[in-house]
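**Q** Take this structure, written in structure tokens, and hold onto it; I'll ask about it next.
Readers should treat all values here as calculations from the given coordinates under stated rules, not as data from a laboratory. Source: prediction; values computed, not measured. Ideal geometry is used to build each Cβ from the backbone, glycine not excepted, and the neighbour counts take in all protein chains shown.
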Amino acid sequence: MLQVAHLSKSYGKFRALADVNFSAQAGEVFGLLGPNGAGKTTLLRILSTLLRPDSGTARVAGYDVLQEPEAVRRSIGVVNGGMGLYDRLSGREMLRYFAGLYGLTQAQADARIAELDATLDLSGTLDTRAAGFSTGMKQKIVIARAVIHDPAVLFLDEAASGLDVMARRALLDFVLAYRQEGRLVVYSTHVMSEVEEVCDRAAVLERGELLTVDSVAGILAQTGEPSLERAFFRLLERRAEVRG
């Protein structure tokens, strides 16, 4: 479902990604773990065709991000912590609008909205203008908007940032449910507990370098640490020793 091959990207003298390689499968929640500045967002922007790499390539849902960008965009949904809404529109109006952009009829859109309402509990958002939404309500509509066309791959970039405990719980439950339907969720975060809870495997990035790709249990076994947070710092220490 996702293949990344030798991706590199720099901004001037700053190296955001350095020869990154990994793959992820359908039915999986694949974590991108690392501190701020590790390269997670740059990687997701390349995978969603918003940036071109300096070298290397990637395939998403079978499509090459450089050669077939429109097919990639039809196959993905994207959620990040900073996505806005149209304050004068209700949740239903926004979802119908975006469904139309993806070629769904109004009947198809309404059927899909009903499915998402059952999964995400959109009550209180569908027939209320977005100007009155809480942070959690906004994020539910942002997620519903990202998957209104039922994409094969969902990219989540710090999607739980700023959410209260109830909204965060709804997000994580949705991630697990979406995976179970044979799709791929790429979950980018620096919050270790979220990775431990929802990710089948994770890639650990630091300063644009890929430190490891493994299951949470595998990362713990590699480092001999009892928690993912401690394992993460152990990996950083090892890389620092290699760099000298």
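**Q** Over segment 2-243, what is the relative contact order in percent, taking alpha-carbon pairs closer than 8 angstrom and at least six residues apart?
**A** Once divided by the residue count of segment 2-243, the mean separation gives 27 percent.
**Q** How charged is the neighbourhood of ALA114? Take every other residue with its Cβ under 14 Å from the Cβ of ALA114, and add Lys/Arg as +1 and Asp/Glu as -1.
**A** Residues near ALA114 contribute -3 overall.
**Q** Give, as a single signed number, the net charge of other residues whose beta carbon lies under 13 Å from the beta carbon of ASP19, with Lys and Arg counted +1 and Asp and Glu -1.
**A** Its environment carries a net charge of +1.
**Q** Can you give me the P(r) profile for segment 106-243? Cα pairs, bins 5 angstrom wide beginning at 0, each as a whole percent.
**A** Going out from 0 Å in 5 Å bins, segment 106-243 shows 2, 9, 18, 19, 16, 13, 9, 7, 5, 2, 1, 0 percent.
**Q** Label-point separation (nm) for GLN180 and ARG88, each offset 7 Å from Cα along Cα-to-Cβ?
**A** Output for this residue pair reads 4.1 nm.
**Q** Additional query: Helix 135-146 against the longest principal axis of the chain: what's the angle in degrees, Cα atoms only, rounded to the nearest 10?
**A** 90
**Q** Further, regarding this structure: Any idea what angle helix 165-180 forms with the longest principal axis of the chain, computed on alpha-carbon atoms, 0 to 90 degrees, nearest 10?
**A** That helix lies at roughly 80 degrees to the long axis.
**Q** Sticking with this one: Among GLU158, GLU209, which comes first, second and so on when ranked by fewest other beta-carbon atoms within 10 Å?
**A** Listing GLU158, GLU209 from fewest to most nearby Cβ atoms yields GLU209, GLU158.
**Q** When the dipole is taken about the Cα centre of segment 159-237, and only Lys, Arg (+1) and Asp, Glu (-1) are charged at their Cβ, what size is it in debye, to the nearest 20?
**A** It works out to roughly 120 debye.
**Q** Can you tell me the mean projection area, over all orientations, of the convex hull of segment 175-235's alpha carbons? Units nm², please.
**A** Dividing the Cα hull surface by four gives the mean projection, 4.2 nm².
**Q** Run the numbers on segment 153-208 and let me know its relative contact order in percent, using alpha-carbon pairs under 8 Å that are six or more apart.
**A** It rounds to 43 percent for segment 153-208.
**Q** Just to be sure I understand, if you calculate Cα Rg over 2.2 N^0.38 Å for this structure, which of (1) 1.03; (2) 1.19; (3) 1.11 do you get?
**A** (1)
**Q** Here's something else I'd like to know. Going by alpha carbons, how many degrees (0 to 90, nearest 10) lie between the helix axis of 228-243 and the longest principal axis of the chain?
**A** The helix 228-243 is inclined about 40 degrees to the chain.
**Q** State the extension gain, in nm to one decimal, for the chain segment bounded by VAL242 and ALA26, taking 0.36 nm per residue of separation less the distance between their alpha-carbons.
**A** 74.3 nm
**Q** Test of understanding: what is the full-extension gain from ALA217 to THR128, defined as 0.36 nm times their sequence separation minus their Cα-Cα distance?
**A** Full-extension gain reported as 27.7 nm.
**Q** Going by how many other beta carbons lie within 10 Å of each one, how would you line up THR57, THR223, THR189, fewest first?
**A** The fewest-first ordering by Cβ neighbours comes to THR57, THR223, THR189.
**Q** Oh, and also: Considering every pair of different Cα atoms, what Kirkwood radius, in Å, is found for segment 11-90?
**A** The answer is 14.5 Å.
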